[in-house]
Amino acid sequence: MSTSNNSKKFNKIAWLTLLSFGFTYLFFYNGRQNINLVMTQMATDLNSTTAALGVVSSALFWCYAFGQLINGRLGAIFGYKRFIIFGIIGSAIINVLISFQSSIPIITVLWGLNGFFQSMLWSNGLGVINKWWPKNKRGFSTGLATFFSGMAQVVTYLTILLCLELNPEWTWRAAFRFPMIPMIVMIIALIFFFYDSPEKAGFPPLNDEECNSTYEIQNKGFIYPYKVLFSEPKVLIFCLISAIAGIGRYGLLTWVPTYFVEKLGITIKEGIFSSILLPFGQACAMFIFPIITDKLLKGKREPMLIIASIITCAGMIVFPFIKEQALASLMLFVLGVFAMVTGVIWTIAGDIGGKAYSSTVVGIFDWAVYMGAALQASLFGFVKDNFGWESIFIIIGVLYVILLVLTLIARKMKTKNI
């Protein structure tokens, strides 16, 4: 086969791998974000409170976080595709089981277990994508993958709304049943189009300026990459940045639907339609921000974080004082765009880790993101009940000021041992 034909075939499989993972993730949040949209119904039906349901929600984040910390590394050792498929099946089963429960403690345990299954996809998927796409196209490939992740939230909102319309007698339980079907169906795309690495498809490893050896690192044992990465101050700084990004992203996704229902007095259906602008804005940021860092900023990622943090802080302070639904919905889109900095963070993870460490660095940063998500889920329900809705948005705004300071520190730092 000629070099030209070989290159075309390589590019084709690289695209198929990226898109099969992206479309799979497009439906994967059906098994994670669904609880946010029916929290009020669950609280009523189970004689509980939204604060207590916030603790239930946090169980997923805690287990997702620690699962992400190890699953990126385990996927590199035992097989990315295997972990991804197992995670999808496990999450679907757990969701269906939850739909038949009436005990808050049992739901909490199952939702935590669901978090562990959910953690098997993201770091492994990005680890594979970084093996197929060179560094100068990392912003695009990572941005497209994260765009699917952001649109997955929109898909979940629409899917749950449809299920509630078709099965009103099931109330909140409908959100944990039929939405699992497209999750399972997308496994077909992974089986036929997703390749763990160029070598799995019969190609040599992708050669570019990154020179760290995957095989050499794997032979040094399971713990070795963690020793190297956690010894790097820049990695630790970006763990803190990732945690704040997790609080901002999931603080809004978790509580905004309930905010529209409780504070503005609109129906769940109207609240979902208004809330869709938030994840749609996040999806746009996930795709556009990494590409901007590639094309306009010439590979410099931190300036994008600086701009986003300044605008997010201002928006968070203004948002709780908006009382009109249409204007609040528009502001949600703006906040969705600029508060959503994880797309840039995943690109930075690829820059720091290269092809050898990539899935492990993504796993570490995603662990930090979901530690922040878990913290907000446990804390913000208490804050809302005792200090009012406004306090949630003000806290997030202040945290983005801290994110700005951390980014200014990190932009001058270099990694020494990677």
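Values in this text are rule-based calculations from the coordinates and carry no lab data. Everything numeric here is computed off the predicted structure, so don't read it as measured data. For neighbour counting, all protein chains shown are included, and Cβ atoms are generated from backbone atoms with ideal geometry for every residue, glycine included.
Computed from the C-alpha gyration tensor, the three semi-axes of the ellipsoid equivalent to the chain are 34, 25, 19 Å, from longest to shortest. Using the Cβ-Cβ distance between PHE192 and SER231 with R0 set to 51 Å, the FRET efficiency works out to roughly 0.80.
Scaling against 2.2 N^0.38 Å puts the C-alpha radius of gyration of the range 330-418 at 1.31. Considering only alpha-carbon pairs that sit under 8 angstrom and 6 or more positions apart, the relative contact order computed for the range 39-187 is 30 percent. Compared with the alpha-carbon gap, the fully stretched path from ILE106 to ILE77 is longer by 7.2 nm at 0.36 nm per residue.
In terms of Cα atoms, the Rg and Dmax of the range 265-360 work out to 15.9, 51 Å.
Computed on the range 274-369, with alpha-carbon pairs under 8 angstrom and 6+ residues apart, the relative contact order is 40 percent.
Pair-distance distribution of the range 1-113: all C-alpha pairs, bin width 5 Å, starting at 0; shares per bin in whole percent are 2, 9, 16, 19, 15, 11, 9, 6, 4, 3, 2, 2, 1, 0. Take the cross-link list LYS9/LYS412; LYS9/LYS81; LYS227/LYS414; LYS234/LYS295 and give me the ones stretching past 28 Å between alpha-carbons. Where the Cα-Cα span goes over 28 Å, the pairs concerned are LYS9/LYS412. Which lysines have a Cα less than 25 Å from the Cα of LYS263, not counting those fewer than 8 places away in the same chain? Partners found: LYS323, LYS384. Using a 10 angstrom cutoff on alpha carbons, build the Gaussian network for the chain and name the most mobile of GLY125, GLY139, GLY87. Of the options given, GLY87 has the highest mean-square fluctuation. Compute the separation of the alpha-carbon centres of the range 83-125 and the range 139-191 and state it in Å as a whole number. What the calculation gives is 14 Å, centre to centre. For the chain, the relative contact order works out to 27 percent when only alpha carbon pairs closer than 8 Å and six or more residues apart are counted.
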